[in-house]
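Bear in mind that the values in this text are calculations on the coordinates, not laboratory data. For clarity, every value in this text was computed on a predicted model and none was experimentally measured. FYI the Cβ positions are ideal-geometry reconstructions off the backbone, even for glycines, and counts take in every protein chain you see.
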Amino acid sequence: MERARRVGAYGVLRDAERRVLLVRGSDRADFPGVWSLPGGGLKHAEHPAHAAVREVTEETGLAVEVTGLRAVVADVVPYPDLGVALHTDRMLFEVAAVGGALRAERDGTTDLARWLTLDEAAGLPLLPFTAEALGLPVVPLPSGALRRRAPFAAPVADRRQRFGAYGLVTDPAGRVLLSLIAEGYPGAGRWHLPGGGTDHGEQPVTALLRELVEESGQLGRVTELIGVDNLHNPAALGPEGYPLDWHGIRIVYRVTVDVPTEPAVTELAGGSTASAGWFTRAELLELPLTEIAAAVLEVPA
């Protein structure tokens, strides 16, 4: 079965009565009649927070602002008739209404927007990620709920979107773990947050802990979701040196290594990591850091 990927951003919005705002899939949706949090796919180069604001407004008529990142999850849905397994990385943002009036989307993939109590939502068919986000039981959808028949659009040859998970990794002494980018890779010679791209079917936390072992040999535990970093480079170079319009979405977590060891790169030869090391806060000031590492560590780049 062919593997496909998609990145989506969604809004979690509650009113003064603690009801949650949900939308219903229209006849144009993959799952008509099924309810979910308002949201949808990122456009190329679009910041996830901006995508959440745009999607919520398009589907509900409400103008919103992002107040925080609530959760990041992934799921895989098979489309047997199309021979495709679709992996979707979903970022769930807390949002607050700042204007507009509730209405249904016009000629879109949703056809109804409603404020619902959790009891009311529990009685509706919900996309699994929505039920999980609301703390409700994940109930299998009715047979035949998936009705998409149109093929997925082919990826644009000179564009690439990559979803990754990275960590602000510390030990009990307060040292920070960083990885050195190898020659031949963007940012070569700079120290970077441990982490990397997620595999098809992989949750971001699982990917980060896997990358932590591969890049440094450390066993960590994720303690907090920090935020999301967005990188767009329209003039990047691909693996063979050809021009590439690159869009990277990078989730950042706080990670603790309770029993630190001497870092050792264990990934296969030819990987993007040349070495790894533990550094004190004072030592960080002397290192050439990537932009995201400097921002997360609050060190001048």
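Over the range 2-133, what lengths in whole Å, largest first, do the semi-axes of the equivalent ellipsoid take, defined as the square roots of 5 times the eigenvalues of the alpha-carbon gyration tensor?
23, 17, 14
For the range 148-157, in order, what is each residue's ³J(HN,Hα) by Karplus, 6.51 cos²θ - 1.76 cosθ + 1.60 with θ = phi - 60°, in whole Hz (x at glycine and Pro)?
Once θ is set to phi - 60°, the couplings for the range 148-157 become 5, 10, 6, x, 6, 5, 5, x, 6, 4 Hz.
Among I251, I226, rank each residue by its count of other Cβ atoms within 10 Å, from fewest to most, as a rough exposure measure.
Fewest to most other Cβ atoms nearby, the residues stand as I226, I251.
Antiparallel DSSP bridges in the range 159-297: what percent, to the nearest 5?
65 percent
Between the helical axis of 204-216 and the dominant principal axis of the chain, each derived from Cα atoms, what acute angle in degrees is found, rounded to the nearest 10?
On a 0 to 90 degree scale, this one is about 10.
If you take every DSSP beta bridge fully contained in the range 4-104, what fraction is antiparallel? Give it as a percent rounded to 5.
Here the antiparallel bridges make up roughly 70 percent for the range 4-104.
Among DSSP beta bridges whose residues both lie in the chain, state the antiparallel percentage, nearest 5.
Approximately 70 percent, going by the DSSP bridge assignments.
Can you tell me the orientation of helix 48-60 relative to the chain, as the angle in degrees between its alpha-carbon axis and the longest Cα principal axis, to the nearest 10?
0 degrees
Hey, what D do you get for the range 133-280 in µm²/s if you plug the Kirkwood alpha-carbon radius into Stokes-Einstein at 4 °C and 1.567 mPa s?
74 µm²/s
Could you please rank H192, H200, H232, placing first whichever residue has the fewest other Cβ atoms within 10 Å of its Cβ?
Ascending number of Cβ neighbours within 10 Å: H200, H232, H192.
Suppose each label sits 7 Å from its Cα in the direction of the beta carbon; what would the L82-A188 distance come out to in nanometres?
Calculated label separation equals 3.9 nm.
Expressed as a rounded percentage, what relative contact order does the chain have, with Cα pairs under 8 Å and six or more residues apart?
The normalised contact order for the chain reaches 17 percent.
Counting only helical runs of four or more DSSP H residues, what would the 222 nm mean residue ellipticity of the chain come to if each run contributes -39,500 (n - 2.57) and the total is spread over all its residues?
Counting only the DSSP helices, I get -4500 deg cm²/dmol.
Just to confirm the filter: which trypsin sites (Lys or Arg not before Pro) across the range 165-227 are DSSP coil and have at most 10 other Cβ within 10 angstrom of their Cβ?
Sparse-neighbourhood loop trypsin sites (Lys or Arg not before Pro): none present.
What label, among (1) 55, 21, 17; (2) 37, 22, 18; (3) 31, 22, 18, belongs to semi-axes √(5λ) of the Cα gyration tensor in Å computed from the structure on display?
(2)
By how many nm would the segment from V138 to H50 grow when fully extended, if each residue of separation counts as 0.36 nm and the alpha-carbon distance is taken off?
28.8 nm
Between R149 and F279, what is the label-point separation in nm under the 7 Å Cα-to-beta-carbon projection?
5.7 nm
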